[in-house]
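Trainee: Here it is, the structure, as structure tokens.
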Amino acid sequence: MGRYVIRRLGQMVVVLFGATVILFCCLFVLPGDPVGSLGGDKARDPAVVEQLRERYGLNDPLPVQYGNFVKNLAQGDLGEDYTQRRPVTEVLGPKLVNTAQLALAAIVLDIAIGLLAGLIAALFRYSFWDVLITLLTTMAVGFPSFVIGMVLQKVFVIQLEWVPLISDGTMKSLILPAFTLAILDAALVARLMRGTMLEVLRADYVKTAVAKGLPRRTVLLKHVMRNSIIPVVTYLGISFGSLLGGALITEAIFNWDGIGLALVQAVQQQNNPIIIGVVSFGVGVFVLLNLIVDLLYAVLDPRIRLA
Amino acid sequence: MRGATSAKWVVGAVIVAMAATACGGGDDSKDSAGKGGGTFRLGITEPTAIDPYNAQESEGALVAHNLFTGLYSATPDGKLKPELAEAVQTSDDGKTWTFKIKSGTKFSNGEVVDAEAFIRGWTRVVAKESASDVAYPFDGINGYKELNGGTATPFAGLSAPDANTLKVELSAADFEFDKKTVHQAFSPVPKAAGPASNKAYNDAPIGNGPFKMEGSWQHNKSITLVRNDDYGFEKAKLDKVEISILNAANGATLEYQGFQSGQFDWARMPTPQQSVAKAKYEPKKQWVEADTSGINYLVAFNETAPLNNPDARKAISYAIDRDAIAKGVFQGLQKPATSILPPSFADTYQDGVCTSCVKQDKDKAKEYAAKGGLKPGTVLDFGYNTGGGHEEWVQAVAQQLKDVLGLEVKLNGKPFKEALAQQQTKGTSGLWRSAWGADYPTPDNFLFPLLDSGSINPDESGKALGDNRGRYNNPKFDELITQARGTKDPAARAKLYQEAEKLAVDTEQAVIPLWKRTQYRLAATDKFTNVKMDFFEDPNLAEIAAK
Amino acid sequence: MTELTKSTSVAGDATAPAKGANAEAEPAIARVTQWGEIRHRFLANKLAVVGLGLVLLLFLTALFAPLLAPHDPYAQDLTNTLQDPGSGHLLGTDALGRDQLSRIIYGTRIAVVIGLASIFLACLIGIVIGALAGYFGRATDSVLMRIADVFFAFPLLIGAIVIIIVMGRGIMPVIISLAIFSWPTVSRLLRSSILSVREADYVLAARALGADTRRIIVRHIIPNSIAAVMAYAAFSVGGAIVAEASLSFLGVGVSPEVPEWGNMLAAAKDFMGVKDFLWTYPSIAIVLTVLGFVFVGDGLRDALDPKLR
């Protein structure tokens, strides 16, 4: 187990390295000088451009730039953003909190809606509710988040005026974007839950438990639930990882001041330190959560041995 | 330059230009005194900086102008209004300016505002370490190169013969230097400011303006201003100004929604919603409209085929139906421009100076195209920056060029920085959409940067680093600009600028004007009186009063 | 990537491990089945048949777009902008007076081309790399799978945006950028199938009969693993269409004059509450298309592995 974790951590570093190198190369070959202008049509004074290029080490060859990035990263320093010239960590910090709020809310909704729906569908297989849930969850996958987001916005913000368009930091303004993000995941969780539960219900140990006269509730809780939940946990863990990396479209539609929105804007402005910061974070969290999920998997299901 | 600033272009508000006849809005007549007090609330997008050393777009200017008072301010129609400059003397050669500074005014921390405070402020902007984006207006002052290049520390051209006298020496004649000082970069700063790298001051500047900061700038959240009761001039009436910072991706939509729900007292609107908003708010007198000091135009690359001759460029201009696009695409809320100088500069404005801009003329377009070698089937690159809401109207222009001249127009949308890089590259051809806004109310601020050969500023590789990216190069035009700068008499000077504009924009069609810069705002005139849009397209906070 | 990788990766929610679950911990899946039986099971699934119908409808519309569209999708009419749906224009006109219905009809072409081409490309890369990894194992496997991990961990949209900015906007860059970040799922799927099938009875039998490894891979393992890849592919075309529309929605997809659904939505979003028809119809087109592919993908998966239904 210990060696497995160490090996996986090693792989993680390799992946992070690969992803950041690719990113650096792409950003490096992008036409346009990242400090050549601000947003406007006016070019920056060449003297200022030169000063800034020097300040940010943009005249160095790519490997040197990358080396500096790694060196600073090791000290928790992601550099300074090119527009406001503030530390990237300071700029992204509050945005990360916002994104995490959104991700958490979405995951809670996923669990609540997804597990319940999956449970009902599996327990009452082929009933009206099962058919309805199966249909809805299949449909949900077909709705892109921007369509869901725009529909929700139209209905609840513009038509009914229940929710303010401008996020005021309250739970109320969190509902729509969280829901937009959660619909797809909840549908998938429900499908997953239904599928695995049906499989588990057929398993011999469940039949044995029922046969030896254990109360239905005990069988469900102790045997069925525990074993069905494993793939769901896996899925949710990984999903949470990608949510933390920022939900670009949803954040853009709902003006959620998270790192996904920051990323979209940074790409438009070639604000490289922000791009690098968000992407490295996203990749890192994603890989880390993968590892955690795999470990959790082993804990929940003792049959799985990690080697 | 604030015409097409970062904040605006992301927003999707189509930047389409013009100048200030400052109409609409406030019901100023009856009780413009108001009863005083009150909190004015508005939303802006996150500024680059509010410290005058690097405040640049209209959002940053809004805060800086209310925290600081300089030598002069600009009225909405581009006139100069003296503030701390009590008297001014200009030498006959136009190179030495001496300002008498009003004595006895203070910064909000108690420090006195004197000539030294100005020298301190200006030096701080230009100093090399500051790497300021707004140092360029100072470049005519002696010693600019040395200070900005880091080879000398004092600003050689500035001196204080006595505590309240500021002497400015320029390297070349400029009889409009005083107008430049309305830019927030020319603010005085107290000793407490320290260098530009002083983060505490960057986020909570101490100034001498009608308002002062309450707490620090809460990035991406808010900036709060309160009345400065020790202000050296007529005090503001509002108690407080609450500025919410909105996501740039959708700023105008959020401002509009906020206004509708009563969260804001001043707001922009997304372009597609404007006609609906106008119908709703104009009858309530809550609609503010102004032609501001900016212009939307097409850069034509003058050095490279196919637009390397005036006839080809005139053909393009004649082929565009500005009226149809203004009505069809902009729902009548943008107005065609027929000059590069905005109508807000009343002394120099020449309506219709660009003959080809006045009305679409298909026959003339074809005639000039034939003369200029712009054959049907010619490939014409037409670039624009993405994320600025330009997608729609550039397609309309492209279609008209195809229909009238049979050109093969290649639309090319790029994010800002790549767009800029391509415009700068030697050999780029065709057209590029662009916009320009005045930093200070002088025609020179349009004609010199956009059309003077001194603003091409090529580097070794031939990249045009200046703002004259169309590379218009005419010694005669350059001569007129130099002459105008050295002409003391305002009327004679205006004539020279007009002559220069006619030469570049009509005779040679170096650029192709499209639309004036018309700005629309909503203002809560039911709660506040005397609400107007200022020269920088911001609300005139210092004069607004609660009803 | 969040919203998007999910939709592209979920194909495997039953056939394949959830994304990211490491190969070491994966159960075996694909099984040998008769094609006739598969087809029978597929056609017995009502949703799958509906999906097939939607997909066919999409293909036919794309093929016959010039015959179906009442107007030229590029023709502007500045005197007739933002017309509500009505007699002249069934679904109204956009801000440049172009006929919405015609643009939606022509939009099927971009959707089909980009959706199919990007997933085809992704499958091609994925199958080759997955097969190589599964076949050679050991160091080759490690290296290839780490490379796959890198592209897998990259946020799809951002990766795609960066590539498009480097390559310029257009159909090819969109296809390539989507493929580059979608292949790892395919190669993981194939690799894990190969690993599990390797120990299957029929392979062991073949080996016992003296067949060499290469022959086993090509003749037995790939055909049996490919089924899982196909189910994934059908499902993912929907995801790719969503991703492509998302890129346009964010303003980096195909050029804005091209009749494409994401472009239409991007242009329409500021008209929300004023001209809602501008975004509702293209949205419906996207949803129906994606649903079609999702149903087909689901149906295929169930037909291939019926024990879960």
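No lab work stands behind these numbers, since they all come straight from the coordinates. Just so it is clear, the structure is predicted and the values come from calculations on it, not from any experiment. For neighbour counting, all protein chains shown are included, and Cβ atoms are generated from backbone atoms with ideal geometry for every residue, glycine included.
Trainee: Give the Cα extents of the protein assembly as shown along the principal axes, in whole Å, largest first.
Mentor: 106, 67, 59
Trainee: Please list, in chain and number order, the residues 5+ apart from B:Lys410 or on another chain whose amide H is under 5 Å from its amide H, with Hs placed from the backbone.
Mentor: Under 5 Å from the amide H of B:Lys410 lie the amide H atoms of B:Leu380, B:Asp381, B:Phe382, each far enough along the sequence or on another chain.
Trainee: What is the sum of charges around A:Gly79, taking Lys and Arg as +1, Asp and Glu as -1, for the other residues whose C-beta is under 15 Å from the C-beta of A:Gly79?
Mentor: Charge balance near A:Gly79 sits at -1.
Trainee: When only C-alpha pairs under 8 Å and at least 6 residues apart count, what is the relative contact order of the stretch C:148-201, in percent?
Mentor: Averaging sequence separation for qualifying contacts and normalising by length gives 44 percent for the stretch C:148-201.
Trainee: B:Lys362 versus A:Asp60, label points 7 Å from Cα toward the beta carbon: distance in nm?
Mentor: 6.1 nm
Trainee: Could you give each residue of the stretch A:95-108 its phi-based ³J(HN,Hα) in whole Hz, using Karplus coefficients 6.51, -1.76, 1.60 with θ = phi - 60°, and x for Gly or Pro?
Mentor: Ordered by residue, 3J(HN,Hα) equals 5, 5, 4, 4, 4, 5, 4, 5, 4, 5, 4, 5, 5, 4 Hz.
Trainee: Let me ask you something else. According to a simple spin-label model (label point 7 Å from Cα along Cα-to-Cβ), what is the distance in nm between A:Arg226 and B:Ala492?
Mentor: Modelled inter-label distance: 10.0 nm.
Trainee: Let me ask something else. In the neighborhood of B:Asn247, defined by Cβ-to-Cβ distances under 10 Å, what is the net charge if each Lys or Arg adds +1 and each Asp or Glu adds -1?
Mentor: Once positives and negatives cancel, what remains is -3.
Trainee: May I ask for the net charge around B:Gly110, where only other residues with Cβ less than 14 Å from the Cβ of B:Gly110 are counted and Lys, Arg are +1 while Asp, Glu are -1?
Mentor: In short, -1.
Trainee: Would you calculate the separation in nanometres between label points at B:Lys191 and C:Phe136, each defined as 7 Å from the Cα along the Cα-to-beta-carbon direction?
Mentor: 7.2 nm
Trainee: When a/c is below 1.5 the answer is rounded, else prolate if a/b is larger than b/c, else oblate, so apply that to chain A with a ≥ b ≥ c taken from the square roots of the Cα gyration tensor eigenvalues.
Mentor: In terms of gyration-tensor shape, oblate.
Trainee: Treating only the Cβ atoms of Lys and Arg (+1) and Asp and Glu (-1) as charged, compute the dipole magnitude of the stretch B:311-357 about its Cα centre; round to the nearest 20 debye.
Mentor: Around 140 debye, computed over the stretch B:311-357.
Trainee: Now for a different question. Kindly provide the helix-only [θ] at 222 nm of chain A, computed as the sum of -39,500 (n - 2.57) over DSSP H runs of four or more divided by all residues, to the nearest 500 deg cm²/dmol?
Mentor: -22500 deg cm²/dmol
Trainee: Still on this structure, I have one more. If you take the charge dipole of the protein assembly as shown about its Cα centre, with +1 on Lys and Arg Cβ and -1 on Asp and Glu Cβ, which of A:Leu135, B:Leu447, A:Ala209 is farthest toward its positive end?
Mentor: Among A:Leu135, B:Leu447, A:Ala209, the one farthest towards the positive end of the dipole of the protein assembly as shown is A:Ala209.
Trainee: Please give the charge dipole size of the stretch A:2-74, origin at the Cα centre, charges +1 on K and R Cβ atoms and -1 on D and E Cβ atoms. Round to the nearest 20 debye.
Mentor: My answer is approximately 580 debye.
Trainee: OK, next. For the stretch B:446-520, just run the numbers: alpha carbon Rg, then divide by 2.2 N^0.38 Å, N being how many residues it has.
Mentor: 1.20
Trainee: Something else: Go ahead and run the numbers for FRET between A:Val210 and A:Thr89, Cβ-Cβ distance against an R0 of 56 Å, rounding to 0.05.
Mentor: My answer for the efficiency is 0.50.
Trainee: Once you mark the trypsin sites (Lys or Arg not before Pro) that are in a DSSP loop and have at most 16 other Cβ atoms within 10 Å, what is the longest gap between them in chain A?
Mentor: Formally, the longest exposed-site-free interval is A:1-124.
Trainee: Sort B:His65, A:His223 so the one with the fewest other Cβ atoms within 10 Å of its own Cβ comes first.
Mentor: Placing the least packed residue first, the sequence is A:His223, B:His65.
Trainee: Pairwise over distinct Cα atoms, reciprocal of the mean inverse distance: report the Kirkwood radius of the stretch A:2-74 in Å, one decimal place.
Mentor: One decimal place: 14.6 Å for the Kirkwood radius.
Trainee: A follow-up question, please. Using the Kirkwood formula on the Cα atoms of the stretch C:109-209, what hydrodynamic radius do you get, in angstrom to one decimal?
Mentor: 14.7 Å
Trainee: Round to a whole angstrom and tell me the spacing of the C-alpha centers of the stretch C:75-96 and the stretch C:211-283.
Mentor: Spelled out, the Cα-based centre of one part sits 28 Å from the other.
Trainee: Given H placed 1.01 Å from N in the peptide plane, which residues other than close sequence neighbours of B:Glu86 have an amide H under 5 Å from its amide H?
Mentor: B:Lys100, B:Ile101, B:Lys102
Trainee: With unit charges on the beta carbons (Lys and Arg positive, Asp and Glu negative) and the dipole taken about the Cα centre of the stretch B:386-525, which residue among B:Val397, B:Ile456, B:Thr425 sits farthest to the positive side?
Mentor: Working it through, the farthest residue towards the positive pole turns out to be B:Val397.
Trainee: Follow-up question, since we're still on this one. Which residues make up the longest stretch of chain A clear of chymotrypsin sites (Phe, Trp or Tyr not before Pro) that lie in a DSSP loop with no more than 14 other Cβ atoms within 10 Å, not counting the sites?
Mentor: Segment A:163-307 is the longest.
Trainee: Within 10 Å of each Cβ of B:248-254, how many other protein chain Cβ atoms are there on average?
Mentor: 6
Trainee: For chain B, which semi-axes, largest first and in whole Å, follow from the square roots of 5 times the eigenvalues of its Cα gyration tensor?
Mentor: 38, 29, 20
Trainee: Of the options A:Val15, A:Phe146, A:Ala43, report the single residue whose Cα projects farthest towards the positive end of the charge dipole of chain A (beta-carbon charges: Lys, Arg +1; Asp, Glu -1).
Mentor: A:Val15
Trainee: Moving on. Using 0.36 nm per residue, how much length does the chain from B:Ala305 to B:Glu129 gain when fully extended, once their Cα-Cα distance is taken away?
Mentor: 59.2 nm
Trainee: In terms of modelled amide H atoms, which long-range or inter-chain residues lie less than 5 Å from the amide H of A:Glu80?
Mentor: A:Val88
Trainee: Could you give the Stokes-Einstein D for chain C in µm² per second, using the C-alpha Kirkwood radius, 4 °C, 1.567 mPa s?
Mentor: Estimated via Stokes-Einstein, D reaches 63 µm²/s.
Trainee: Using θ = phi - 60° and the Karplus form 6.51 cos²θ - 1.76 cosθ + 1.60, what ³J(HN,Hα) does each residue of the stretch C:238-249 get, whole Hz, x for Gly and Pro?
Mentor: Going residue by residue, I get x, x, 5, 5, 4, 4, 5, 5, 5, 4, 5, 4 Hz, with x marking Gly and Pro.
Trainee: Okay, next question. Using the Karplus curve 6.51 cos²θ - 1.76 cosθ + 1.60 with θ = phi - 60°, what ³J(HN,Hα) values do you get for each residue of the stretch C:257-270, in whole Hz, with x for Gly and Pro?
Mentor: Karplus-based 3J(HN,Hα) across the stretch C:257-270 equals 7, 5, x, 8, 5, x, 4, 4, 5, 4, 6, 8, 5, 6 Hz.
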